[in-house]
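Since every read-out is calculated from the coordinates, none of them should be taken as a lab result. Predicted model, so just to flag it, every value in this text is computed and none were measured. Cβ atoms come from the backbone with ideal geometry, glycine included; neighbour counts cover every protein chain shown.
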Amino acid sequence: MLSKPLIQVEQLRELLRRGEPVVLLDSRFDLFKPDAGRSEWQAAHLPGSLYLNLDTDLSGRKTGRNGRHPLPERADFALTLGRAGITPASVVITLDAQSGVYASRAWWMLRWMGHDAVAVLDGGLGAWVEAGGRLNTEPTTKVTAPPYPERPALVESVNTSSLASSLGRVRLIDARAPERFRGEVEPLDPQAGHIPGALNRFFKDNLDADGRFKPVDQLRREFAPLLGKQGPAQVVHQCGSGVTACHNLIAMEHAGLPGSKLYPGSWSEWSSDPARPVARG
């Protein structure tokens with residue numbers, strides 16, 4: 001039913017018109033104002049959409065060594081999906097107001113749980129409003145379901161030890177802003193810099209001026225120098241905490257370059273241990 005990782009507003013409208021079992025997940029967020037996304041959702045949201053918070057719904061328990069947004073236990077996220085009424089029969093559309101950054105994290109996590117029928121609304125809330133879609137201020141009534149059943153993951157991830165042992169043999173792509181990658185500034189994590197051998201692809205470079213993903217051919221051309229002779233399966237994506245990295249990952253999927261991996265802990269986990277090597281520049 002959803003053959004591509006992105007969905008356009010008109011395609012979403014068609015799904016809704018046909019009465020498909022669509023679940024809309026709004027994951028608006030602000031790293032510096034963690035409650036802002038929920039407040040914005042409460043003020044105006046797509047009719048029927050539910051809200052998932054990056055800190056409390058799309059992340060697990062922090063230990064100080066596992067990054068700022070570690071993945072939750074699969075059993076815990078299964079409960080979260082059940083509370084949202086998501087079953088294997090659901091068509092899930094994720095969205096935000098930040099050009100797909102947090103929606104891409106939710107998309108990846110649904111795939112991580114083995115859910116195939118999931119896509120990101122290209123352009124998010126802004127595209128919906130621009131196309132004349134109405135917003136709702138009424139609370140959404142939840143129809144809960146049992147915990148999402150255990151299924152094989154449809155995406156791959158790597159942990160810190162496996163990444164450390166494979167540096168130099170994988171294409172590591174860092175989605176952070178260039179100045180953070182170079183180590184000139186670091187507003188969020190204790191150390192500045194990047195993982196040795198990483199290449200920089202700022203996630204915003206995946207977008208057109210209108211906040212939608214660039215055309216497939218353009219993205220393929222732009223990712224080609226980063227991949228070199230490596231195939232997508234040898235690519236590992238990371239960022240500060242495993243969020244914007246999902247934006248690069250979905251951009252590659254959209255460009256017909258599937259199979260790359262995510263390092264969920266990313267720089268915030270890597271840099272938490274001063275014994276790990278750090279590169280700058």
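Some points to look at:
- Diffusion constant of region 89-246 at 25 °C, which comes from Stokes-Einstein with the Kirkwood Cα-pair radius and 0.890 mPa s, µm²/s: 138
- Percentage, to the nearest whole number, of Cα pairs in the chain over 22 Å apart: 55
- Residue order for 51, 263, 148, fewest other beta carbons within 10 angstrom first, comes to 51, 148, 263.
- Where only DSSP H runs of four or more residues are counted, the chain gives -8500 deg cm²/dmol as its mean residue ellipticity at 222 nm, each run worth -39500 (n - 2.57).
- Span from the region 143-163 Cα centroid across to the region 222-281 one, whole angstrom: 18
- Relative contact order %, the chain, counting alpha carbon pairs below 8 Å whose residues are six or more apart: 22
- Ranked from largest, the principal axis spans of the Cα set of region 160-270 equal 37, 30, 19 Å.
- Ordered by the count of other Cβ atoms within 10 Å of each Cβ, fewest first, 99, 104 give 99, 104.
- Binning all Cα-Cα separations of region 194-241 at 10 Å, short to long from zero, yields these whole-percent fractions: 21, 51, 27, 1.
- Between the beta carbons of residue 224 and residue 141, assuming R0 = 51 Å, the FRET efficiency works out to 0.60 to the nearest 0.05.
- Cα coordinate range in region 6-130, projected on the principal axes (Å, largest first): 45, 30, 21
- Cα-Cα pairs of region 78-168 separated by more than 22 Å (percent): 43
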